[in-house]
1. Compute a Gaussian network model of the chain, connecting alpha carbons closer than 10 Å, and tell me which residue from Ile323, Ile374, Ile195 fluctuates the most.
2. Tell me, what is the Rg over Rh of the chain, with Rh the Kirkwood radius over Cα pairs?
3. Over every pair of different alpha-carbon atoms in region 52-141, take the mean of 1/r and invert it; report that Kirkwood radius in Å.
4. Could you work out which residue, out of Cys366, Cys302, Cys350, moves most in a Gaussian network model of the chain, that is, has the largest mean-square fluctuation with Cα springs under 10 Å?
5. What FRET efficiency, computed as 1/(1 + (r/R0)^6) with R0 = 60 Å and r the Cβ-Cβ distance, is obtained for Asn210 and Glu80, rounded to the nearest 0.05?
6. Hey, could you get me the Stokes-Einstein D for region 300-350, Kirkwood radius over alpha-carbon pairs, 25 °C and 0.890 mPa s, rounded to whole µm² s⁻¹?
7. Nothing charged except the Cβ atoms of Lys and Arg (+1) and of Asp and Glu (-1): what's the magnitude of the dipole of the chain about its Cα centre? Round to the nearest 20 debye.
8. Suppose a student asked you for the relative contact order of the chain, using Cα pairs under 8 Å spaced at least 6 residues apart; what percent would you report?
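Every read-out reported here was derived from the displayed coordinates using simple, explicitly stated rules and does not represent laboratory data. Model, not experiment: these values are computed from the prediction. Cβ placement follows ideal geometry from the backbone for every residue including glycine, while neighbour counts extend to all protein chains displayed.
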Amino acid sequence: MNIVFFSHPLFLNHQSMPRYLNMLANGMQRKGHTIEILVPKPLFFKLSGNNKFLGKWLGYIDQFLIFPVQFLRRRRSFPENTLFVITDHALGPWVPMVRKLPHIVHCHDFLAQLSAVGKIEQYTTGWSGRLYQRLIRWGYSQAQYFISASLKTKHDLHYFINKEVVVSEVVYNTQNRPLIKFKVEEARFQLSNYIGVNLKAGYMLHVGGNLWYKNREGVIEIYESWRANSDNRLPLILVGEQPSKCLLEKKEISKYKADIHFVTGLPDEEVNKAYCGASLLLFPSYAEGFGWPIIEAMECGCPVVTTGEAPMNEVGGSAAFYIPRKPLEKSLQDQWASISAEVISKVLNCSALEREAHLLNGYQNCMRFSSKVIIDDFESIYLKVVNKGKLNTTTLPIGTPSSKFI
């Protein structure tokens, strides 16, 4: 089989999507398939210099005007057994170019789409963003073959396309980067030296960026509630992007600010150490596309406390500890933090035998996401699409998203 992957341009500096593409491409190459990756080049984008606003709009010219013309000039040159893979439904405007050819669209999360139609109350999309999301939806709605990263993603997909399709399957993500394991004591010692904080007794960990759905402010709120009712003084380590102004202000007014640490620019190996040495991962997201830190932490032997909503509970299964989603009503947020803090205490106060059982459950849960299983599933669907086979698909109710963020 000849596979052509359509990918986000490198000049967007995405982190997870290039890794996802590499996982697909390398996996299919190992299976003996011929692959090619098509990516827009930064022709107009280079003219923007360091102007981010200008770069965004010039980048759109490269992606949605220049690149389609370049592809259409080549379209007839591909072999008959070629499958065209749109690696992210956000690349929907390219779907019409291949809709009459064997194709498949990988769907990750529909948070931007849901926000654009007013279904997410925590985040409002501006008028230009709404137009852009409408363009994306117009594109991917013309496809007939889909793979979703979770059941929630599949449900949301069907809400937006509102039609029967030939293939709509769920294949979970696999690890998109190698994970090197470290002994707990070694990980804590080395990470302590790297970031200049004493972590010998352990620490609470969060991994994620500043996107609204990551709920980094909620991480601090839970930590404060836990500290207020505990004699334990474990520090909180937040690994990810430079904190936003709001997040910095939240730390500065905290009674426990001396024990709250933001760590940015951490190399992958150091992130692995952070997982291996952590007392637990606190991951109270409002939503996720998949939730890679959940399985990364479990694979590194770190207990996980996360939100009991899809897709986090799809990924965590029976191996994670769950807390409610943070409510919008300010009058209920202290109670939410308190309930979540009680779960934190439960995890930290486990006996050695209980903790070992939880960690074993986590390792076993990770087996569901092994690269061999996932790549086999992708290949099976790809081959059936190329051969015009039809899969048995589960029909989902049409007309409502899987959950409303309220």
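1. Residue with maximal mean-square fluctuation among Ile323, Ile374, Ile195: Ile195.
2. Values: Rg = 22.1 Å, Rh = 22.6 Å.
Checking Rg against Rh, the ratio lands at 0.98.
3. Values: mean 1/r = 0.0688 Å⁻¹.
Here the Kirkwood hydrodynamic radius works out to 14.5 Å.
4. Cys350
5. Details: r = 46 Å, r/R0 = 0.77.
So the FRET efficiency works out to roughly 0.85.
6. Numbers: Rh = 11.7 Å.
Translational D for this selection: 209 µm²/s.
7. Working: 46 positive and 35 negative charges, 275 e Å.
The dipole magnitude comes to about 1320 debye.
8. On the way: 683 pairs, mean separation 66.9, N = 406.
Normalised by residue count, the contact order of the chain is 16 percent.
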